[in-house]
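Student: Attaching a single structure in structure tokens format; questions to follow.
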Amino acid sequence: MMCQKRKKKCDRLTPSCTACLEKGLQCVYNIKLETRLTEGTKQLSKSQLIAQIALLKSELNEGSREIGRNPVLGLQYTSSKQGRVLTYGPTSVRCLIRSSQLQWCYTAIWKTIKEKRNDWKKNHIHAIKVEEIYSIGNPLSISGGNSILEALCDCLPTVHVLKHSLDRFFNCTLFKEFEILDPLKVASDLEECFISDQEGRIMSINIYEKKNYYRLGIITRILTIVHFKERVPTAVELFHKYLAAFESAKSMHIERAQFFMLKYLFINARGFTAGDGGNSITIINLALSTAMQIGLYRTENLGLFRDRECYIKNLCVLIVQADFESSFSLGSQLQVSEYFLQDLDGRANPEISEDGNFSTLQYFLFLRQQLAGVSSTHNAPPLPLSISKLKFSLLVTFGELKHYLSRTAYDPPIEFQKLYAILLSLQIIANFSLIQTQVSVDGTLELQQQALICHIASLILVFNYMEALYNDQLLIKGGENHIDACIDIGLGLFLYHNVLPRATHELVLIFSDALNTNEGFGVYSTNSNDVDIKHFNEIVDDFLKSDKDIDFGANVAYKYFERIHENFKNNRSKKLDNLLHQSYLFIVCDEFSNSLVQAFKEPITLMTNKPDGMSNQNIPFAVDDNDLFLDNALEIFDDEFTSFFFT
């Protein structure tokens, strides 16, 4: 190669030619210089080339560091409450809050949140009564016969209503985005399994041999989403509990995996899940274990199932996505193995394509690769390198984010899977940045500013998408009275529930640490007129393109947070607000955001104007009790009524 570059004749001796041997150079044969120079870069734009250079710098820096034991594994948080012990890993918000040096809080925050939470419970008392842990002590009263199947016949609607409910579900945005069920198969099961009279009333249920009750369970699960909603009949609840309890190999059907993943979509779209996704992990593992046992991921098995191939692949991809999301939320290890992934898509690999084409599975494999390093037991994860890779992947795959951030509520909604991938990438960058501050004393302020940029961008994307999706459904449905919170704007709530708890709590962490240390404040003033969303969009892309520090202090981020939150609160219609308040997690996060705006307003203003004259005593309602702050902060996640409708 060196002879070719110097345009000298080479004698091509092996293992080294004479010229390289004399000069002490490494001799490499059969590489075309032009190809080597242009490979991987000829398709990149100028901004992407800049990002590529920053990525290569990070790789060089990480390569020069000594590999040692993974210090991130020491970041753990264990909750012990009345004998119930739960452990959370480094990427969990609980772990970051517990690891921080917070010294103050506003007691009024927790008081107002608890009031909102209790009001919601009073208005949804039926849901609380059937919650799985507490329902075991309720009186057992079902009508219609001596068995669950007979009771089902008595409480189910007519065949006409069943067909209409299935039609609504298979045509809603929530299903069309994931499509983990074959509608033709479900329609066939409805015809075969439910025996009705001339008026359409269900008289008996027949599932023939093999006793695959999950064929019925999928239909009753869809009914809970579309028809029953919160007031699910006791017989249906008990039927779902039985299906969740089956353990033998005879219960292993593809419909079992679909039954549980429908549940996963439902609780995430309705907000019936803890803020850290803790209630999802059991459901995901049940679906994954079923998929593994029946070989759902193997190409040669696809023809053995009644669902068409595209729906089976979508189911597997959703399991991979859900496993990633729950692992990231809880700080636990990924459960989906490489064995599961090997036949899922022969074209997919964990490297980001440089042609700008987006593949949901391929991108999630890339995200999995970055997350896997955090739980490595031997080597220290190269978090700065992972951050650079994530920034580069965003630019290469999606282009400049200002094109997404500048979308308004009246533009068509962004493609959901793309937006979901962008949001997860931003959340991981923010989280890895904050983890790095826990294991290294270098660049703490710069890392916190990275997290601030990512979280503010995430909030803009989620709020704009929610309003755009609602307005889009207004046009489709022909009026706001026909819009359903779950099946019509459930995709927006899905993103809200996955982003807002982490984003708001990590913002609190940074704001509080900035006030506690008197550091981390930007050079800009915090007058409301200085908050320019268009300017922020440029800041985001500048951050992604370069490894240089961006001055975006806690006071600046707070002002953007205040403006974005107030705009979303004041601009949404009353109908949209009512729909959003059907979600338990929304009312908790929304009240938390309201409280944060009020809590940090005065101290951040004081700190900005008089950075040397600030102390905890100057903060109204402040308490100098770290444990009190942490216990209250974590209590938002740890509510006994957040695991509704497990079955």
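Student: Where the second residue is open to solvent by 40 Å² or more (accessible area, probe 1.4 Å) and the first is without any contact (Cβ under 8 Å) to a residue 60 or more places away in the chain and lies in the stretch 155-173, which pairs have Cβ atoms under 6 Å and are six or more apart or on separate chains?
Tutor: Cβ pairs passing all conditions: THR158/ARG201; VAL159/SER196.
Student: Scan (1) in a helix (DSSP H, G or I); (2) farther than 14 Å from ILE283 by Cα; (3) open to solvent by 10 Å² or more (accessible area, probe 1.4 Å) for the single condition GLY217 breaks and write down its number.
Tutor: (3)
Student: Sticking with this structure for a sec: Among the residues that make up the stretch 200-209, is at least one of them open to solvent by 20 Å² or more (accessible area, probe 1.4 Å), touching a strand residue (DSSP E or B) at 6+ places or on another chain (Cβ under 6 Å), more than 29 Å from GLN582 (Cβ to Cβ) and charged (D, E, K, R)?
Tutor: no
Student: Between a residue in the stretch 545-567 that is under 24 Å from LEU395 (Cα atoms) and any residue that is open to solvent by 50 Å² or more (accessible area, probe 1.4 Å) and not small (Gly, Ala, Ser), which pairs come within a Cβ distance under 7 Å, given they are 6 or more apart or on different chains?
Tutor: Listed by first residue and then by second, the contacts come to LYS545/ILE50; SER546/ILE50; ASP547/LYS57; ASP549/GLU446; ILE550/ASP542; ASP551/VAL523; GLY553/PHE521.
Student: Let me ask you something else. Kindly provide the set of residues from the stretch 387-426 that are under 19 Å from LEU500 (Cβ atoms) and among the β-branched types (Val, Ile, Thr), ordered by number.
Tutor: ILE414, ILE422
Student: Before we move on, is GLU131 at pLDDT 90 or above, among the charged types (D, E, K, R), surrounded by 13 or more Cβ atoms within 10 Å (Cβ to Cβ) and in contact with a Phe, Trp or Tyr (Cβ under 9 Å, 6 or more places away or on another chain)?
Tutor: For GLU131, the condition - at pLDDT 90 or above, among the charged types (D, E, K, R), surrounded by 13 or more Cβ atoms within 10 Å (Cβ to Cβ) and in contact with a Phe, Trp or Tyr (Cβ under 9 Å, 6 or more places away or on another chain) - is not met.
Student: Any idea which of (1) touching a Ser or Thr at 6+ places or on another chain (Cβ under 9 Å); (2) at positive phi; (3) open to solvent by 10 Å² or more (accessible area, probe 1.4 Å) is the one LYS229 doesn't satisfy?
Tutor: Against the list (1) touching a Ser or Thr at 6+ places or on another chain (Cβ under 9 Å); (2) at positive phi; (3) open to solvent by 10 Å² or more (accessible area, probe 1.4 Å), LYS229 comes up short only on (1).
Student: Here is a further query. Any residue at all in the stretch 415-436 that is open to solvent by 30 Å² or more (accessible area, probe 1.4 Å) and either at pLDDT 95 or above or small (Gly, Ala, Ser) (or both)? Before the answer, list the steps.
Tutor: Within the stretch 415-436, the first condition is being open to solvent by 30 Å² or more (accessible area, probe 1.4 Å), and the residues that meet it are 415, 418.
Narrowing further to those that are either at pLDDT 95 or above or small (Gly, Ala, Ser) (or both): none.
Looking for residues that are open to solvent by 30 Å² or more (accessible area, probe 1.4 Å) and either at pLDDT 95 or above or small (Gly, Ala, Ser) (or both), one finds none in the stretch 415-436, hence no.
Student: Take ASP484 and decide whether it is out of contact with any Ser or Thr (no Cβ under 9 Å at 6 or more places or on another chain), more than 22 Å from LEU174 (Cβ to Cβ), at pLDDT below 95 and charged (D, E, K, R).
Tutor: Working: out of contact with any Ser or Thr (no Cβ under 9 Å at 6 or more places or on another chain): yes; more than 22 Å from LEU174 (Cβ to Cβ): no; at pLDDT below 95: yes; charged (D, E, K, R): yes.
Answer is no for this residue.
Student: Which members of the stretch 163-181 meet the condition of being open to solvent by less than 10 Å² (accessible area, probe 1.4 Å) and aliphatic (A, V, I, L, M)?
Tutor: LEU174, ILE180, LEU181
Student: Can you go through ASP472, ASP442, ASP488 and tell me which one is of a type outside the set (Ser, Thr, Tyr), open to solvent by 10 Å² or more (accessible area, probe 1.4 Å) and part of a loop (DSSP other than H, G, I, E, B)?
Tutor: Sole residue among the options that is of a type outside the set (Ser, Thr, Tyr), open to solvent by 10 Å² or more (accessible area, probe 1.4 Å) and part of a loop (DSSP other than H, G, I, E, B): ASP442.
Student: Looking at (1) acidic (Asp, Glu); (2) in contact with a helix residue (DSSP H, G or I) (Cβ under 6 Å, 6 or more places away or on another chain); (3) part of a helix (DSSP H, G or I), which one does ASP307 not meet, given that it meets all the others?
Tutor: Only one criterion in (1) acidic (Asp, Glu); (2) in contact with a helix residue (DSSP H, G or I) (Cβ under 6 Å, 6 or more places away or on another chain); (3) part of a helix (DSSP H, G or I) is unmet by ASP307, namely (3).
Student: Being more than 23 Å from GLU177 (Cα to Cα) and among the aromatic types (Phe, Trp, Tyr) is the filter; apply it to the stretch 229-286 and report the residue that is modelled with the lowest pLDDT.
Tutor: PHE246
The values are calculated or read from the model by the stated rules, or taken from the named source; none is laboratory data. Please read these numbers as outputs of a predicted model, since none were measured by experiment. A quick note on method: Cβ atoms are made from the backbone with ideal geometry, for glycine too, and the neighbour counts reach across all protein chains shown. Ligands, DNA and RNA are excluded from the accessible area calculation, which covers all protein heavy atoms including side chains. Shrake-Rupley method; radii C 1.70, N 1.55, O 1.52, S 1.80 Å.
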